[in-house]
Structure formats: C-alpha cells, structure tokens
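Okay, structure first, notes after.
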Amino acid sequence: LVLVRRTTVPLERLIDGTRRLARRDWSARVDVAARDEFGELASSFNDMASRIERQVQALHVQSDIDHEILSGLDPSRVLGQVMARLQALAPTARVGLLLAAEGDGAWQRAAAPGMPAGAVALDPDLLRRVERGATTLRGAEALLACGLLGPPGQPSEPGSAEFDPVMVFPARAQGRTRALLLLAGPGLVDADVLQELEDLSDRLAVMLVATERERELRRRAVHDSLTGLVNRSGLIEALDRRLALPGEAGFVLAFIDLDGFKTVNDTRGHPVGDALLCKVAALLRALAPADALIARPGGDEFVLLLPGDRAAADGLASKLGRRLLEPLLVDGQTLRIGASIGLVRCPDDGHERINLMRRADLAMYAAKASGRGRHAWFEPALDERVAERAWLQAELPGALRRGELCLHYQPRVVAGSGRLASVEALLRWTHPLRGMIPPARFVPLAEETGHIVALGSWVMDTACHQLRRWRAAGVPVPRMAVNVSALQLAVPGFADEVLSVLRRHGLQPRELEIELTESLFAGDADEVTSRLAPLRDAGVQVALDDFGTGFSSLSSLYRLPVDVLKIDRSFVTDLGQRASADGVARSIVALARALGKHVVAEGVETEAQHQHLLALGCDELQGYLFSRPLSADALEAKLGCRTLEPPLPA
C-alpha cells in the first residue's frame, strides 16, 4: 500500500497539473517533494509551466502594445505596461524607463511606483555605449546609470542596488535611440528573459515612433502649414473644449480680416502675400496676451480666442486695428493694408460654437462696411439683417415669375426750361405680404447672386416696350435711360441683345441711354470699352452714373466711352451748405465741358439746389423737385403739361 501510494499520489498531481495547463491555467504547478523520478518530472513540469506562463504574459503585453498602436494609442498606458512587465521579470530589481526627448531636449524618466516622472541628464559617453545594444554596466558606469533611476528607497550601503550591475536595453527605431530600459540588481535574468526584454524594447520603439508620427499628423491636422498657427479644425476643437468646461467664465472671439490682402496678392504675387501672412501672424503673437489662442482658419482671416474681459478685448482690437494700418516691411517691400475685426463674447452673444463664429463673422463684415482699421461688436440687429437677406434671397428668384416686379419712371428735365429731356427706368418690387421693397435692399443682392442678368434683360425689354407705347400714344418722351450692371455687360452678346430689343420695338438706338457706374471701369477699362463699342457705334448714349464716388482718374476719363456724366446726389445735397460741395460740383461741370460730355445733376430736391445748378451750367436736372419716380400711367398724366417746372415757393 505504501508503494502504491508513493506511485499514485505524485502521478495524480502530475496529471492534474497537466490538465490545468491544458485548460490554459498558466499558473499550474505540481508539488512533489520526492527525490525520485516523480520529483524530477514535477520539477521539469514546473519549469516548463513557468516558461509558458512567462511567454504568455509576454505575448499579452506585446499584444496590448500592438493594440494601442493600432487603435487609440495611449502612450502613458503603454509605458505603464512596460514598467509593470519589467518589474514582473525582475521582482527584486530597481527598474526604470528613460524616453528620448525631441531635438536636444533632456531625457525624461517615466513614472514608477513611488517615483514621479522627471527630466534627467544623460551622459553622452554613456549613451553612445549603451545604444549599440543590450549592455551590462558595472562599477562607476553602473553607479551613473543607477542614478538615473532616482534615489533608492533605502539608505545607500555596500551591497545595495546602487553598487549592483545595471542592465540597459536600448529601444531603437529609424536609426535613433528612442528609449532605454534599465534594471539594477544582481543575477537578474536568464536567456529567455533577455530575449523577452529585446522583444519588449523593439515593441516600445515601434510604439514611440507611432506616437511621434501620430503627434506630427495631429499637429499638421490642427495647425496651418504656412504660419504655424492653429487652423480651422484646431480652432473648432479648442472652442468645443472651452465650451464644454463646467462653470465657463466666458471668453471673447475676435475675427480679423485683412482689408488690402487681395491687392497685395494680385500686384506683388503670392510669395509676397504668404510672407505678409507670416508677418501678421508674428504681429498677433507679439500683441495678443500669453493665454490667447491664435488661429488662421484660411485665406487672409485670423481668429483670436481671448479671455472674457470685454474691455481688454476692445482695447486689443483697437491696438491691432491701428497697428495693421501702419506700413509693414515684407521682403524689403513696404506694404499698407488694414484689418476689419468683429468680436463676440460668450455667453453674452451665444453659447454654441456655430452661432458664436457666425456672429463674429457678421460683426467683422459690419466693421468692414464702416471702413478700414475698425472693429465692431456683434449686435442683435446684425442677425435681423441676415434673416432679411435670407428671405430676400429665397423670394427674389420668383418675384419676376409672379409678376411682382414693375418699372417706375423718373423724368430728367432740361435745365432752365423744364422741358422733358428723358426718363430713367427704375425697378420696383411690390411683395404681396411685405409691400414695397426698396431697390437698395434687393438690387445689390441680385448682383451678388447673379439674378441681375435676368432682371436686367426684363427691365431693358419692358422699358423699350413702354417707350414704344408712349410713341404710339404721342406722349413726348425723347429718350429712355436704363441702368446696366457689370454682370450684364460681361455676358457675351450683350450689345447684340440690346440692339435686337430696340429693333423688336421699333426704336432708334439714339432713343436709348444706358447708365453704368464708375466702378465698372476700375478693372479692365479696355474690355468694357470694347463691349460698349457696338452700342455707341449704333448711336446708343452711355452715361456714367454717380460720378465722383468711383475710381475714374483724369488720365483715363477722357478715354472712357461715355457721353453723359451724372453728378452724384451726395454732392448735390450739400450745395449752398458746404463750400467743398460747391467746389466739387463746379469742377465736375468744368471737367465735363472740357471733355465734351453732357452733364446731369441728380437728387435735386430744393429750389436752392436748383438755382446753384443753373448757375453752374448743368445741362439736365433730375430729382424730387421736378417729379418722384412714377408708374407709366401716372407719368403719362403728369406729362400732359409738356413741361416739368419746379413748383413756386410758398
């Protein structure tokens, strides 16, 4: 019985351990104290199970590192796993992990139990030795390396870890040492552990390269490649993080748009434009507070995310506006630009990112409309304008189809006689719900959206048709004036279309006058001249509307293909009240006489203005003093008297 028990008990334990190992219980061990064959077998089994457990644990750690590399990439978690594995492989040793810094920065010690992370100074000679491969350091080198692990947890004595050999495993990738794994202690490892440490260092190097690549991709994704500032994606992320903070104290968002940047790009070239953007970025870094975020969402727009002090933000915007109006030296060239700045404050002007950015943009455009070098805060009225614009943009395309558009006509009279010289066709929109909508509200929008081409064609045809009707009825209207936009003139075949309309309605070209704005000639004047040539050759009159407010120069004015100069109403309004207005009006009349142009004054509303213009020698007058714009029937009735003398003063 004793012999049987000596055989069956160890055998049962070995069988049980084997079954546990087969069930992947890597901690399975067999306790057999005998010094016979069963004892040797149990010892071999335990040695094999220990190796398998260590290999499985190594595979788990490597798999976890691979998983982090492929999804999420949390470097701190990987470093914690590596440190834990080092300590598990050498429970009695002091372990450490040193990470190489980018550039020439100090190396960083990873955090360990009882040891915070921190910067360390790594001896260059020591680094050159250990980065060739796994190395065991002894003596002074061991002391030097051991010092990198931080102070020991107990007093330094002979035989302590400070005097033990230190094993160093470099983690290298792409020709550079990325990290060092250190273990300090006597008789630490065997061949299997050495192999695992090599594998672990390789995995760690791959993880660090992936982290560096991820960081660089992240930097590129949220930073502007030209200026180094945060880009639009980075700005959105920063705003979302700021808005998600509990108990947010508020912040200011400032949108900055460079007023003269397009001119610099067009006249000096894109390299100078890029250098100018970098110059502005440097200026913003210098002037903005240290805790401000500076972004360039794109183009010539910059954004500042500032602390919530409204007064400080207002002062900074004023300073930026003044500074950007000053000359900037860029690549040896002196450039002059300006900036329009729009500001909103959270939470006063909104709590959502989209609304805050939209309202800052609206405030910026409001500042731009008021002049260069200015800033403006968001006001609720800006939202109302946007809502109205959206409504107009939705309703305008169908207005012509629904028959809501019509023409009114305002007479122009011969100065001094009151005899009708011509009438100007003016577009009107009567909405069934909102009533009369002024042209100043919808005509600029039609220009922006391109609807002005279809509207302009309808106006030309309707005005010519009305003139033909007046001819048939014997109503004395000598000429019809029609406003033409730059978009209409740019349409191929515009001149042919106008002449075709005149033929269809049986009118002579001399009975039509088209009015153009001065700004139309600010671009390619030769191109505009060539498009007008067929009309002028046929006898159509061309008038330059709102003269004095555009971009014509004396050197080019005499070459412009125009027959009539119309003095802008802004000069007429101040006649007799400001000497400068009298001087400008007098100069325009003298200029028209010298160039052989017909001169018309518009916006005449008072008898004093009338007398001033008569004294200056204007050829024709137009304004409320003689007649408001009227419907075709109302004007026909008014023209029964044949003259449009101003009413006698009361």
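The values are calculated or read from the model by the stated rules, or taken from the named source; none is laboratory data. Keep in mind it's a predicted model, so treat the numbers as computed, not measured. Please note: Cβ atoms are built from the backbone with ideal geometry, for glycine as well, and neighbour counts cover all protein chains shown. Surface areas here come from the heavy atoms of the whole protein model, side chains and all, with no ligands, DNA or RNA. Shrake-Rupley method; radii C 1.70, N 1.55, O 1.52, S 1.80 Å.
Quick notes
- In degrees, nearest ten, helix 37-70 long axis to first principal axis of the chain (Cα): 10 degrees
- Principal-axis tilt of helix 2-22 within the chain, Cα atoms, nearest 10 degrees: 10 degrees
- Charge dipole (debye, nearest 20) of segment 217-265; +1 at Cβ of Lys and Arg, -1 at Cβ of Asp and Glu: 260 debye
- DSSP-defined beta bridges in the chain - what % are antiparallel, rounded to 5: 70 percent
- Mean separation of Cα contacts under 8 Å, 6 or more apart, over the residue count of the chain: relative contact order %: 7 percent
- For segment 229-237, 3J(HN,Hα) computed residue by residue from phi via the Karplus equation (6.51, -1.76, 1.60; θ = phi - 60°) reads 6, 4, 8, 4, 5, x, 5, 4, 4 Hz, glycine and proline entered as x.
- The chain: angle of helix 270-287 to the longest principal axis, Cα-based, in degrees nearest 10: 70 degrees
- Solvent exposure of Arg203, expressed as accessible area, is near 70 Å², computed with a probe of 1.4 Å over the protein chains only.
- HN-Hα J in Hz across segment 577-584 - Karplus 6.51, -1.76, 1.60, θ = phi - 60°, x for Gly and Pro: 10, 10, 4, 5, 5, 4, x, 5
- Nitroxide proxy distance, nm - points 7 Å out along Cα→Cβ at Thr136 and Asp563: 10.8 nm
- Farthest positive-ward along segment 322-385 dipole, Cα basis, beta-carbon charges - from Met364, Ser340, Leu328: Leu328
- Element breakdown for the chain at a 1.4 angstrom probe: carbon and sulfur atoms account for 53% of the accessible area.
- Surface accessible to a 1.4 Å probe, per residue, for the residues of the chain, Å²: 50 Å²
- Whole-number percent relative contact order across segment 291-348, with pairs defined as alpha carbons under 8 Å at least 6 apart: 22 percent
- Electrostatic dipole magnitude of the chain [Cβ: Lys, Arg +1; Asp, Glu -1; Cα centre; debye, to 20]: 940 debye
- Contour minus Cα-Cα distance for Arg586 and Glu214 (0.36 nm per residue): 126.9 nm
- Taking 12 Å as the cut-off, the amide N atoms of segment 221-255 that come nearer than this to a point 7 Å along the Cα-to-beta-carbon line of His351 belong to 244, 247-248.
- Contour excess over end-to-end distance, with Cα ends at Glu53 and Glu404 and 0.36 nm allotted per residue: 117.7 nm
- Nonlocal amide H pairs with Arg412, under 5 Å, H built at 1.01 Å: Ala421, Ser422, Val423, Glu424
- Over segment 218-348, Cα pairs under 8 Å with separation of 6+ residues give a relative contact order of 35 percent.
- Placing R0 at 51 angstrom, the Cβ-Cβ distance between Ile15 and Arg176 gives a FRET efficiency of 0.45 after rounding to 0.05.
- Per-residue Karplus couplings for segment 436-444, computed as 6.51 cos²θ - 1.76 cosθ + 1.60 with θ equal to phi - 60°, are listed in order as 6, 9, x, x, 4, 8, 10, 5, x Hz, Gly and Pro entered as x.
- Summed over qualifying helices (DSSP H, 4 residues or more, each -39500 (n - 2.57)) and divided by its residue number, the chain shows a 222 nm mean residue ellipticity of -16000 deg cm²/dmol.
- Label assignment, Kirkwood radius over Cα pairs in Å derived from the structure, set [x] 27.6; [y] 33.4; [z] 37.2: [y]
- Each of Leu283, Thr462, Thr449 was placed along the dipole of the chain (beta-carbon charges, centred on the mean Cα), and the one lying farthest toward the positive end is Thr462.
- Between Arg268 and Leu445, the modelled labels are 3.8 nm apart [label points 7 Å from Cα along Cα→Cβ].
- Take the chain and mark each of the GluC sites (Glu not before Pro) that is in a DSSP loop with at most 13 other Cβ atoms within 10 Å; the longest unmarked stretch, sites excluded, is 353-650.
- Gain upon complete extension [Ala369, Glu605; 0.36 nm per residue less C-alpha separation]: 82.2 nm
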